[in-house]
Amino acid sequence: MVYSLDCLTIVAVCVIASFVSEGVLYFWIYRSASFRSLKDQLERTAKKLDVLKQQSVAVGKQKAKEKRVEKLESSIKREAAKELSIVRFKQAIVMFAFGIGLYNLMSRWYVAPVAKLPFVPFSFVANLSHRLLPGEDMTDCSMAFIYALCQAGLRPAVTKWLDLGLSRKMVAMQEFQPPTYDK
């Protein structure tokens, strides 16, 4: 039985699906005027924050500057979290739809082993690697395992390569942490 062709087919389908889903995200989210203005606004405020952080002040006014920087950071993070949560939700919907659809489609075609593992995996991994396969040979690898590996490894690489989504700075701004109150 030729395993490599089935495995490569699954990888190719996952890569193509990643490009298609990124295209859908581009036309639905990234190309919209609201997303572009949000991205520009967040980048401008991040630059203002960087300039404010790098300004030198007198020794006595250092605490006031730190408070201004903290207040500006928290307001940026609150606004970013609110606005970007909508974008993240839309992304999650598209990724979920493509993931489930592709999994259902491929699980109907690939009901036989598509690869042979050179080892017997741990029980948790064995359940995923042997999913939907008949027999007791735990070194047989199902389509679901290859698909999960591709989703975990290839999709983020395609997203980063196309450079369409949220920048690292935007994601960092979105991570809102409640303010701490010093006594």
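FYI, it's all coordinate maths here, none of it is from the lab. Small disclaimer: the values here were computed from a predicted structure and weren't measured. Glycine also receives a Cβ, built like all others from the backbone with ideal geometry; neighbour counts cover every protein chain displayed.
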Under Karplus coefficients 6.51, -1.76 and 1.60, residue-wise ³J(HN,Hα) of the stretch 65-79 in Hz, glycine/proline x = 5, 4, 5, 4, 5, 4, 5, 5, 4, 5, 5, 5, 5, 5, 5
inquiry  = For A115, what residues show an amide H to amide H distance below 5 Å, using hydrogens built from the backbone and excluding near sequence neighbours?
reply    = C141
request  = Over the residues of the stretch 3-174, compute the C-alpha Rg and express it relative to 2.2 N^0.38 Å.
outcome  = 1.46
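Would you please classify the overall shape of the stretch 1-86 from the alpha carbon gyration tensor, given that a ≥ b ≥ c denote the square roots of the eigenvalues, rounded means a/c under 1.5, and beyond that prolate means a/b larger than b/c while oblate covers the rest?
It comes out prolate by the Cα gyration axes.
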remark   = Cys in the chain lacking any partner Cβ under 4.7 Å -> C7, C141
query = Could you give me the ³J(HN,Hα) list for the stretch 84-91, computed from phi with Karplus coefficients 6.51, -1.76, 1.60 and θ = phi - 60°, whole Hz, x at Gly and Pro?
reply = 7, 5, 5, 5, 4, 5, 5, 4
inquiry  = Can you give me the distance in nm between label points at K48 and F124, each placed 7 Å from the Cα along the Cα-to-Cβ direction?
reply    = 4.5 nm
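Extension gain F27-R88, at 0.36 nm per residue separation less the Cα-Cα distance, in nm?
20.5 nm
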key: Point-to-point label distance, A12-R108, nm (Cα→Cβ direction, 7 Å offset)   = 2.1 nm
